[in-house]
Amino acid sequence: MQIFLSAFAFVIGLVFGSFLNVLISRLPLHESIVRPRSRCPHCQRPIPPLENIPVVSWIFLRARCRGCRRHIAWRYPAVELSTGLLFVLCQLSFGISRVGIFGMILCFLLLGLAATDAETLTLPNTLTYPGIVLGLIYTASMPRALISFRISDVASSFFSAIGFAMLILSIRWVYLKLRHVEGLGIGDAKLMAMIATWMGPLLTAEVFFIGVFAAALYGILILIAHRGRGMQTQLPLGSFLCGAALFVLFQGQGILKWYMQLFR
C-alpha cells in the first residue's frame, strides 16, 4: 500500500511539475498561463500531447525539439522530477492528509520560486502573494498542526511574517546606503514573509540562517573561482532561501531540538 501511495504521489508531482514549468517560463514575462498552449520557445511550434509527457517526452525526444531540433533545457525534466520527489517526501513524512497536501502545496511554491529566481532573478508576486494567503489559511485551519513543520499559531505566524520582511528590507536599506546599489530585492522580503506564515518564527529563523550562509558560501566560491573578478555577480538569494525552506520543512524540527538541547 505504501508503495502504491508513493507512486501515486510521484505521478501527481510530475504532473504538477509540468505545470510549474509553464509558470516558471511565463510568469516573469507576464504572459498568460492558459493561452497559447505549450510551444517551443525557439520556433514557437505547438507541442502535441504525446510530446508533453513529463520527463518521458524529454528522454524520448533526446532533449531536442522535433521541429527545429534546438536543445530543450534540462530545467524541464529537473523541475518535474524534483516536484515528484518532493511530493513523495511529503507523503512519506506527513501521509496523505491535510498536512501532507499543504506540504505539497508549499513544496510546489518554493520550488517554483527557487527555479524562477535562479533563471531570471525575479520572485513573481503571482506565487508569493497566494503563498502568504495559503500559509495563513493553513496556520489558522490547523491550530495544532504537525510540529515537524510548524511551531506557532496564526498570530505569531502573521507577526513573524512582518518581522522577517522588515529584516530583509532593513538589510536592503543599509546595503543601499553603504554601496549605493541594490543588494536585495523587495521580492526577497515577500518570500520571507511567505515562509514565515507557513513555518512560524523559530523555523523561519533556521531558514534565514541556512539560506544566507549557503548564499555567502556560494559567493565566496565564485570569488575564488574568478580570482576576485566576480564582485558584481548577482546571487539569487531567493533560490537559497527556498532551498533552505525545503530542507527545514523536513529536517528543521530535528535541528531545532538538537540546538535546544545544547542549553540544557
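What to note about this one:
- Single unsatisfied condition, I137 versus (1) more than 19 Å from L20 (Cα to Cα); (2) touching a Lys or Arg at 6+ places or on another chain (Cβ under 6 Å); (3) of a type in the set (A, V, I, L, M): (2)
- Within segment 90-129, being surrounded by fewer than 23 Cβ atoms within 10 Å (Cβ to Cβ), in contact (Cβ under 8 Å) with a residue 24 or more places away in the chain and farther than 21 Å from G211 by Cα holds for L92, S93, F94, I96, R98, V99, T126.
- Residue in segment 35-50 that is of a type in the set (A, V, I, L, M) and farther than 26 Å from D188 by Cα present: yes
Table: residues versus (1) among the basic types (K, R); (2) buried (at least 18 other Cβ atoms within 10 Å of the Cβ).
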| site | (1), (2) |
| --- | --- |
| I195 | no, yes |
| T204 | no, yes |
| R227 | yes, no |
| G252 | no, yes |
| I255 | no, no |
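- G185 vs. criteria touching a residue at least 40 places away in the same chain (Cβ under 8 Å), crowded, with 16+ Cβ neighbours inside 10 Å and within 19 Å of the chain's Cα centre (by Cα): yes
- Within segment 61-86, the set of residues being surrounded by fewer than 18 Cβ atoms within 10 Å (Cβ to Cβ), under 13 Å from F10 (Cα atoms) and touching a Phe, Trp or Tyr at 6+ places or on another chain (Cβ under 8 Å) comprises L85 only.
- Boolean, F213 is of a type in the set (F, W, Y) and touching a residue at least 40 places away in the same chain (Cβ under 8 Å): no
- Exclusive hit being outside any helix (DSSP H, G or I) and over 26 Å from T204 (Cβ atoms), set A78, A73: A73
Bear in mind these aren't lab numbers, they're just calculated from the coordinates by the rules spelled out. Please read all numbers here as calculations on a predicted model, not as lab measurements. We place every Cβ from the backbone using ideal geometry, glycine too, and count neighbours over all the protein chains shown.
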